[in-house]
Structures are given as C-alpha cells and as structure tokens.
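The values are calculated or read from the model by the stated rules, or taken from the named source; none is laboratory data. Just so it is clear, the structure is predicted and the values come from calculations on it, not from any experiment. Counting neighbours? That spans all protein chains shown, and the Cβs are built from the backbone with ideal geometry, glycine included. Note: areas computed on protein heavy atoms with side chains; ligands, DNA, RNA excluded. Shrake-Rupley method; radii C 1.70, N 1.55, O 1.52, S 1.80 Å.
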Amino acid sequence: MKLSYLLLPAALLLVGCQTDSVDDNFTPTSVPTVQPSLSSTTTTNFPKPDGAQALSANGSQAVWQILQKVNPKQALEMGETEITDAQFAEIKDFVDKNLKDEGEYKTYRNIFNWITKNMTYAWSEPSYLLPYEVFKNKRCVCQGYANLLKTMLLTQGIPCFIANGWLVSVGGHAWNYVYADGQWYVSDPTNDAEYKASNLSSYQEKLVPIRMDFTLFEDDHFTYSYLNSRLNVQSIKSTTDESVMVPYSINGLQVSSFQPTEKIPDCITQLIVGRNITTFGDNPENLIQKCPYLEEVQVDPQNTELESYKGVVYYKGQEYPYYVPSGIRRVELRAMETISKNTLYYLNQLEEIVVAEGTKRIEDYAIERCPNLKRVYVPSTVTYISPQAISECGNDYEIVRTTTGIHEVTIH
C-alpha cells in the first residue's frame, strides 16, 4: 500500500502503513474528472406499471395466485430433486405394479397413503433425504417425505412440486402441491394432511410457503420462480445486450425480486429496474457469482423501497450500500459518518473508491478482498483510518488525500 498526495491532520491514525515522503507545502489533490458513462448523460427508460396484479403478502394466497396462471406441465421436471435414471426407473416399476390406479387422483392418493403408512419420521439419526434413499430406508424428515412423493408422482406423469416454508407454530417445513384430474391439492405427507388449494381458509393459517422448487414461467428473455415469498427473475437467457431491463410483470403478475439462481450472460454490464423490484435478496452478496460483470444498477426514482446512486443500490434514504454490483470499477460512496466492516467486499473489478466529504472514520475491514484496488480518495473530514480498514486488497493501492467532495465521474 502507498499513501500519496496526503496532508495528514494529527488525529488521522494510519498505523502500520508504509508512507511516501510528503512535501509539507504540497496541496492536496482533487478527485479527477473523467468521461461520464452513458447512463449519466441520457434519460433512462424504466419499465412502466401495466396493471399487473401484485402478489398477496400471505404466502398461501400468493402461491394460489400463481397456480391459477401457471401451466401444470411446468411441474413435471425433477428440478432440484436428485435421483439417477436407474433409481427413478426402479421407483416407477414399484409404483406401476403396486400403486397405479384409474385416474390421476386415485393414483396420487394411493401413493400418498403408502408413504404416510410406510415412512417413519426420523426424530434422530439416521435420517435420509434423497428420494431413493427414503424409498429404500423408509426413514426421513419432512423434506424426505416431500422428495419421495414428488418422485413417485412424476413417474406417473402427475405434476407435483415441493414448497418450502413454515408449518405455523412448529417451524421450517417442506410439503407438496399436486395437480391431479384438473385440480391443485396442497399435500403434506409428513402430517398426513391434504387440502384443496382453492380452499385457502383450510390451510393458509397452517402452511406458509416461502419458495417453490420449479420454474414457473418463461418468456423470450427470462425465467421466473417463486423465491423468498416473491415472484422472482430466476435467470436471464442468452443475449448480446449490455443493458437489460427487468420486466414489470409476467402473465399478469407483478415481478418484485431479482435474485438469479443461474449466472447471467457475461456481456450484461447494466441492469435497469422499475418501481416493482423491492429486493435483491436478504444476502445480495449471493449475486457475486451470478452477476460477476454487472457494473451498475439503475433504479426507477419512483421505487418506494430502493434507489440507486452512481450505479450502487441503497435502501431508500439509507447511507450504507445494499447491493454493490460485482463488476463495478469505481464506487463513489454516499456521505456516512463511519464506514464500517463489509461496506465494500469481494469486488474483483473494483479499482477506485471515492469516500464522501463528511465521512469521519473508516473502521476495520471496511474494504475487503478487492484485489484490483488502485486508489482510495479520502476527504479531509476523515480523521481515523483503522490499520485493518483495507484488507486483502494487495499492496499496490494508494490512499489519496483530497479536499473536495464527490464529482460527477465514472471510470471506463
């Protein structure tokens, strides 16, 4: 690390840093101005409200809204459930010979009843999870019950998916939704319970779904899932576009989440989101691997929960970043009295940081694991920098002391 262009007040502590010699008569530098990015010189068009229905805050009601729009055939894929072809064939052979009946609902009920009668709930080890292991050992917890019911039904071409969420008053739980003879059923084999999905009053206070384990919808550009109680953009399909606008809705339902579970195309550097997007996840750092080259996010100013500043996403009116795009090369922070731990981290492309005028302290591990960091512009208001403020960022960066505030600048 190198300190340069620096006039240090007595209160500025830079313990353990190796400094260059400084001329006492040297005037602190200003933050350099470079060519603005396209997004800062043009008016951004955001997705417009289109009359789509927002999902209910009640998880069971939200899933029922979705089920009335989804094609049941979407729930004929194994998806996240792990099983080999040979194992699937063995289970199918068993169901064909012992449980298959006339009509989908009768077959489903035969399978359901066999599971509830033959499985033992694993209050202690051993406990099995994968559907074939559950089938052979007949001992599992709720996820195992749900995995086996789904697998057995799919051997008969009966749509079924797994919901994860809460069994009210008990805790985390896994159960199924089954589509048989033209009707959706909420099926909880762990507790030997079944409800018609349309009869919300019978189960909505008992089962609260948070996610579903299959792709709900897809269009020419995106796929969608139900994740963290929201209709979510699951993936962005192959494209050559550098800028992508997240849609406002799909199939008449409002999209409110951007949490891709698959890596987005490398060419995408800018994301444009409207007033409909309310979250990038509880841990948006999970997007690091999914969006490694995303450089900026632009949020519709009419969004009531999120906003963007210099390409970084913040909760409305908050000073600490909520989501910093993984591919950003220059971060201009908002004014905050103290820059605390994990303000900026795991940003492989980050080269420059501009600390806002008015900031006073930079604490331990405020900037961490940014291997290409070259410069940190620090205003004269900063009176303390922890010796561990910048951690695992190599030794080639310099701290540049400035006397000016933040300029309208973006590096290319």
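Key figures for this structure:
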{"quantity": "Å² of accessible area per residue within the chain, as computed with a 1.4 Å probe and no ligands counted", "calculated": "46"}
{"quantity": "Equivalent ellipsoid semi-axes, segment 265-412, via Cα gyration tensor eigenvalues times 5, rooted, Å", "calculated": "24, 17, 14"}
{"quantity": "Contour minus Cα-Cα distance for SER124 and GLU218 (0.36 nm per residue)", "calculated": "29.7 nm"}
{"quantity": "Segment 195-339 - convex hull of alpha carbons, volume per residue in Å³", "calculated": "137"}
{"quantity": "Full-extension gain in nm, LYS73 to LYS360, via 0.36 nm per residue minus C-alpha separation", "calculated": "97.6 nm"}
{"quantity": "Over 29 Å (Cα to Cα) - which of LYS263/LYS374; LYS310/LYS360; LYS206/LYS341 fall in this group", "calculated": "LYS206/LYS341"}
{"quantity": "Within the chain, helix-based [θ] at 222 nm, where runs of 4 or more DSSP H residues each add -39,500 (n - 2.57), nearest 500", "calculated": "-4500 deg cm²/dmol"}
{"quantity": "Normalised convex hull volume, segment 48-170, alpha-carbon set, Å³ per residue", "calculated": "144"}
{"quantity": "Computed Kirkwood radius, in angstrom, where 1/r is averaged over Cα pairs of segment 85-236", "calculated": "16.1"}
{"quantity": "Computed E for ASN342/ASP192 - FRET, C-beta separation, R0 56 angstrom, nearest 0.05", "calculated": "0.75"}
{"quantity": "Whole-Å semi-axes of the ellipsoid equivalent to segment 264-327 (Cα gyration tensor, √5λ, descending)", "calculated": "19, 12, 10"}
{"quantity": "Directionally averaged projected area (convex hull, Cα atoms, the chain), nm²", "calculated": "24.2"}
{"quantity": "All Cα pairs of segment 145-189, percent lying beyond 13 Å", "calculated": "52"}
{"quantity": "ASN228-GLU392 FRET efficiency (beta carbon distance; Förster radius 30 Å; 0.05 resolution)", "calculated": "0.50"}
{"quantity": "Rounded to 5, percent antiparallel among DSSP beta bridges of the chain", "calculated": "50"}
{"quantity": "Solvent-accessible area, 1.4 Å probe, carbon plus sulfur percent, for the chain", "calculated": "46"}
{"quantity": "Sparsely packed chymotrypsin sites (Phe, Trp or Tyr not before Pro) within segment 114-167, loop by DSSP, other Cβ within 10 Å at most 13", "calculated": "TRP123"}
